[in-house]
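The block underneath contains the structure these notes are about, expressed in structure tokens.
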Amino acid sequence: DGILFFFHGWPDFEYLWAPQVDFLSNKNYCCITLELPNFRIDRMQNPWGYDFLAVINALGNTMRDILTIHNKASEPIMLIAHDWGSFFAQNVYVRFKRKLNIAKMVLLDVGDGLDPDPAQQYKYAYMSVNGFAFCLPRFLGTWYLRRYYRSAIETGITLPVFRLEKQHNRRYFDSAMAYPYFNFLKMVLLNQTQKFSEIALPDKLPQMDGLPIMFIDAAKGWNTRDPVRYYTPNFKKFIEERDYCQFVSFDCYHWIQDEEIGLPQKLNTTIYDFLRK
């Protein structure tokens, strides 16, 4: 019925999409999960990470190569993305829309950026923590982030990647995964406005006009005490004003795909219904 590309976020990799891949592949969709560079420490090639354009171009070109190899280069494809994956998916659409036939996009909990309300800016302090930890020696940065995220998340909530480590008795989480935060902070602190404008999403909304987008907001965010929002009011308005787009809210935590703290079955049917339209 179609070709689906999945983009994961931080601090995850393709395993998080397993419930969606199982469900949608059984509905005759071809499901392809893409892995962000350095997000599997056993396949790490560059400990200092990659800049945003390098990742965007790598993802877009990888998709083109996969489709070309299988003689599907002109077929419509759909992007399903979460967290940083949503940021990269939107940028891939903007930069590759003349090279890839992207027909629909599903974004989970991350839209066009951070809430511009000054009163909400303190909620994004963790981004500085991640960026700082990335600059430390890896063993120290990883230790620091593990301690931070075992206390920063709501009591009783465990990051899916920590649970996976326990199940498989191996290490997945690493501070080297945090290079997107380091690159973001570097652009802000060094006032690299030209570089930032190349990848900033709010100004690119008009370029996505006409593309059916479903955005799914995780109402609880990282914790119910003080949920974090990753979209601007203009983004929500953009989605809600177009009858071919959808803005949906789920009463769950940021990792909507996860069996324990998300709503994977509801997510599966919601995505399926949107893709069938």
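The values are calculated or read from the model by the stated rules, or taken from the named source; none is laboratory data. Here the structure is a predicted model, which means the values were calculated and not measured. Heads up, the Cβs are rebuilt from the backbone with ideal geometry, glycines too, and the neighbour counts pull from every protein chain shown. Surface accessibility is based on the protein's heavy atoms, side chains included, excluding ligands, DNA and RNA. Shrake-Rupley method; radii C 1.70, N 1.55, O 1.52, S 1.80 Å.
For the pair Thr193 and His70, what calculated FRET efficiency results from E = 1/(1 + (r/R0)^6), where r is the Cβ-Cβ distance and R0 = 51 Å, to the nearest 0.05?
The value I calculate is 0.80.
In the stretch 169-277, carbon and sulfur make up what percent of the accessible area (probe 1.4 Å)?
Carbon with sulfur: 48 percent of the solvent-accessible area.
Per residue, how much accessible surface does the chain expose to a 1.4 Å probe? Answer in Å², no decimals.
On a per-residue basis, 46 Å².
Can you tell me the length gained on complete extension of the stretch Asn46 to Tyr144, counting 0.36 nm per residue apart and subtracting the Cα distance?
Working: separation 98, 0.36 × 98 = 35.28 nm, distance 2.08 nm.
Fully extending the segment from Asn46 to Tyr144 adds 33.2 nm.
Could you give the spread of the C-alpha atoms of the stretch 24-148 along their three principal axes, from largest to smallest, in whole angstroms?
Sorted largest first, the three principal extents are 46, 38, 30 Å.
Of the heavy-atom accessible surface of the stretch 1-110 (probe 1.4 angstrom), what whole percent is carbon and sulfur?
Looking at the stretch 1-110 in its full context, I get 47 percent from C and S.
Taking a cut-off of 21 Å, what percent of all Cα-Cα pairs in the stretch 194-277 are separated by more than that?
Looking at the stretch 194-277, the distances longer than 21 Å represent 40 percent of pairs.
Distance in nm between label sites at Thr269 and Arg163, each 7 Å beyond Cα in the beta-carbon direction?
Computed distance between label sites Thr269 and Arg163 equals 2.1 nm.
Determine Rg/Rh for the stretch 1-44; Rg is computed over alpha-carbon atoms and Rh is the Kirkwood hydrodynamic estimate from the same atoms.
1.03
Stokes-Einstein at 4 °C, 1.567 mPa s, Kirkwood radius from Cα pairs: D for the stretch 103-229 in µm² s⁻¹?
Approximately 77 µm²/s, per Stokes-Einstein.
What's the percent breakdown of Cα-Cα distances in the chain across 10 Å bins, shortest bin first?
Cα pair-distance distribution for the chain, in percent: 6, 30, 39, 22, 3, 0.
Using the structure shown, select from Lys97/Lys204; Lys123/Lys220; Lys220/Lys277; Lys27/Lys97 the pairs with a Cα to Cα distance greater than 19 angstrom.
Flagged as over cut-off: Lys220/Lys277; Lys27/Lys97.
If N is the number of residues in the stretch 1-93, what value comes out of its Cα radius of gyration divided by 2.2 N^0.38 Å?
1.08
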